[in-house]
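Below is one structure, written out as structure tokens; comments come after it.
Please treat every number below as a calculation from the coordinates, not as lab data. Source: prediction; values computed, not measured. Cβ placement follows ideal geometry from the backbone for every residue including glycine, while neighbour counts extend to all protein chains displayed.
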Amino acid sequence: MKRKLENEKLEENLNYEPTHFLRCHSRNNDPADIRTQVWLCAFEPNPEDPQKTTRRFATCAGNSICIINAKTGTVQAKYNADDIREMFYTIAWTTLVNLLEDTSYINILACGGARGTIHLIHPSQGIAFLEQRVVKSVNVNISSLLFHPKKSNVLFCALSDGQVLTWDVTYPLSPNFTSQLVPLITLESHSEIFALAFSTQQKILLAACNNGLRGWNISHQTLEQKKDKLHVLIYHAYHHQLFQKDEEMELVDSVEVVTDTIVATKCALHGFIYLWDLKATLASASKTVVLTHKLKWSDTDNYFMGIGLHREAQLLACGDDRGTIWLYDLKTVLEQTRKDVEPSMLLQWPEVRDKYLDHKRKLNLGVYDIVIDKVAVNWNGKYLVAVTNNNMVCIWQRS
């Protein structure tokens with residue numbers, strides 16, 4: 001691999017080098033497959049310290065899930081769904097604790113997508129120990145999965161029809177490694193959902209939807225008593241903050257919780273990533289978003305390029321449709337009083353020399369739009385992972 005463009009060095013401490021570019025989700029193991037879209041990537045939590053991650057991360061595309069070592073760039077395990085029609089859109093990690101033995105724990109990966117089936121995967125062995133169809137309609141898919149940050153056995157599952165199903169995932173017990181999804185509550189957004197995030201401080205589940213942002217107040221008591229039909233919070237915003245016309249609700253394609261009170265939201269076609277105060281917004285009678293910062297981002301007209309961050313690393317990242325990763329040093333950003341903020345670093349797409357592609361199909365910006373679907377950051381910001389619409393898993397390492 002050869003770097004085609006030098007990274008724009010806006011902050012020296014955010015200098016990253018591309019180290020491994022993989023094509024591990026190819027259909028029929030075709031090494032020249034550049035059509036498979038890799039939808040999501042996520043680092044594995046460290047079971048001994050939930051504030052940190054391991055060097056492993058998961059990716060999903062087609063009917064396969066890969067577990068990859070960020071340092072070595074090796075695929076350590078791969079899971080293929082039995083149903084070749086499966087299309088995995090979303091993944092979520094958690095560390096389950098055996099309530100019978102507090103010292104016994106295991107990391108698992110939940111996956112879902114077009115077939116409306118939850119797959120619970122043992123990441124080291126690349127096998128599913130539970131597969132359960134949770135959607136009856138063939139026209140409804142699983143769009144987002146999220147484990148509760150404090151109750152690691154609680155799984156939120158967003159559907160394309162606007163519902164959020166919630167389960168208690170039981171610990172997989174030996175000798176048969178059996179587990180169950182025990183229903184808890186069902187939420188209704190009345191809007192297609194693209195992403196979920198949870199604020200533990202405010203006890204709010206947030207959903208990025210096709211006509212705005214939704215939220216539900218979910219306490220431990222709510223889950224224990226299985227309280228259904230929760231009041232849905234709709235966050236409005238006005239021209240000077242998020243939306244182009246007064247009270248016009250637009251497509252929100254990504255949401256992440258940055259700090260105890262600050263949330264990052266990306267609206268399609270806006271060219272900004274917005275940071276806003278959730279606590280202050282909740283206190284507002286109109287639920288008008290209380291904006292803190294506007295992070296300059298791409299002016300692309302493409303949708304669904306997801307924000308990635310790790311709170312411990314204090315680094316937020318988002319790719320665009322030109323193969324560029326936009327980085328924001330949150331520690332620096334949040335200290336600034338001015339609202340409009342430029343990116344801290346731009347990582348340009350490198351020239352990738354691919355021995356499996358002929359000259360006319362070389363994967364570069366002169367030939368293809370390279371859309372970064374999602375970026376993930378490990379706990380100390382040493383590794384960045386980006387996945388693309390061209391079947392690429394891209395690993396960058398802080399130099």
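Please give the length that would be gained between L100 and D299 if that part of the chain were fully extended, namely 0.36 nm times their separation in residues minus their C-alpha to C-alpha distance (nm, one decimal). Please list the in-between numbers first.
On the way: separation 199, 0.36 × 199 = 71.64 nm, distance 5.26 nm.
That works out to 66.4 nm of additional length.
Positive end of the dipole of the chain, charges at C-beta (+1 Lys, Arg; -1 Asp, Glu), about the Cα centre: which of I193, A386, C66 has its Cα farthest in that direction?
Result: C66, furthest along the dipole toward the positive end.
Using +1 at the C-beta of Lys and Arg and -1 at the C-beta of Asp and Glu, which of A208, P47, Q76 has the Cα lying farthest in the positive direction of the dipole of region 12-398?
Q76
Once Lys and Arg get +1 and Asp and Glu get -1 on their Cβ, which of L316, F57, T117 lies farthest toward the positive end of the dipole of the chain?
F57
Checking the table K150/K294; K266/K339; K136/K227 against a 27 Å threshold on Cα-Cα, which pairs fail?
Numbers: K150/K294 29 Å; K266/K339 16 Å; K136/K227 23 Å.
Over 27 Å Cα-Cα: K150/K294.
Please list 3J(HN,Hα) in residue order for region 205-214, calculated via the Karplus relation 6.51 cos²θ - 1.76 cosθ + 1.60 where θ = phi - 60°; whole Hz, with x for glycine and proline.
For region 205-214, the Karplus-derived couplings read 8, 10, 10, 7, 10, 7, 9, x, 10, 10 Hz, x marking Gly and Pro.
Between K331 and K52, how many nm apart are label points set 7 Å from Cα along the C-beta direction?
Taking the two extended label points, one gets 1.7 nm.
Taking the Cβ of H25 as the centre, find all other residues whose Cβ is under 10 Å away and add up their charges (Lys, Arg: +1; Asp, Glu: -1). Present the calculation step by step, with values, prior to reporting the outcome.
Numbers: positive: R23, R27, K78; negative: D33.
Once positives and negatives cancel, what remains is +2.
What residues have an amide H closer than 5 Å to that of D373, excluding those fewer than 5 places away on the same chain, when H is modeled at 1.01 Å from N in the peptide plane?
V387, T388, N389
In debye, nearest 20: dipole of region 97-184 around its Cα centre with unit charges on the Cβ of K, R (+) and D, E (-)? Could the numbers behind the result be given before it?
Details: 5 positive and 5 negative charges, 48 e Å.
With only Lys, Arg, Asp and Glu charged at Cβ, the dipole is about 220 debye.
Using a Förster distance of 41 angstrom, determine the FRET efficiency expected from the C-beta separation of D340 and T72, and round it to 0.05. If you can, show how the numbers build up before the last one.
Working: r = 40 Å, r/R0 = 0.98.
Given R0 = 41 Å and the Cβ-Cβ separation, E is 0.55.
Among W297, W326, what is the fewest-to-most ranking by other Cβ atoms within 10 Å? Show your work: numbers first, answer last.
Working: W297 20, W326 24.
If I rank by nearby Cβ atoms, fewest first, I get W297, W326.
So which residue, out of F194, F88, F177, gets the largest mean-square fluctuation from a GNM of the chain using Cα contacts under 10 Å as springs?
Checking each option, the largest mean-square fluctuation is seen for F177.
Rank the residues T74, T103, T19, T388 as a footprinting-exposure proxy: fewest other Cβ atoms within 10 Å of their Cβ go first. Before the final figure, lay out the partial values.
Numbers: T74 12, T103 6, T19 17, T388 27.
Ascending Cβ contact count within 10 Å gives the list T103, T74, T19, T388.
Okay, helix-only estimate at 222 nm for the chain: each DSSP H run of n ≥ 4 adds -39500 (n - 2.57), divide by all residues, round to 500 deg cm²/dmol; what do you get? Could you put the intermediate results ahead of the total?
On the way: 3 runs with 17 residues, N = 399.
Result for the chain, helices only: -1000 deg cm²/dmol.
Which whole-number percent is the relative contact order of the chain (Cα, under 8 Å, 6+ apart)? Show your work: numbers first, answer last.
Details: 1064 pairs, mean separation 68.6, N = 399.
Across the chain, relative contact order equals 17 percent.
For a quick check, take a GNM of the chain with Cα springs below 10 Å and name the residue from K331, K294, K279 with the largest mean-square fluctuation.
Fluctuation is largest for K331.
Give me the dipole magnitude in Debye, nearest 20, for the chain about the Cα centre, with unit charges on the beta carbon: positive for Lys and Arg, negative for Asp and Glu. Before the final figure, lay out the partial values.
Working: 42 positive and 44 negative charges, 111 e Å.
My answer is approximately 540 debye.
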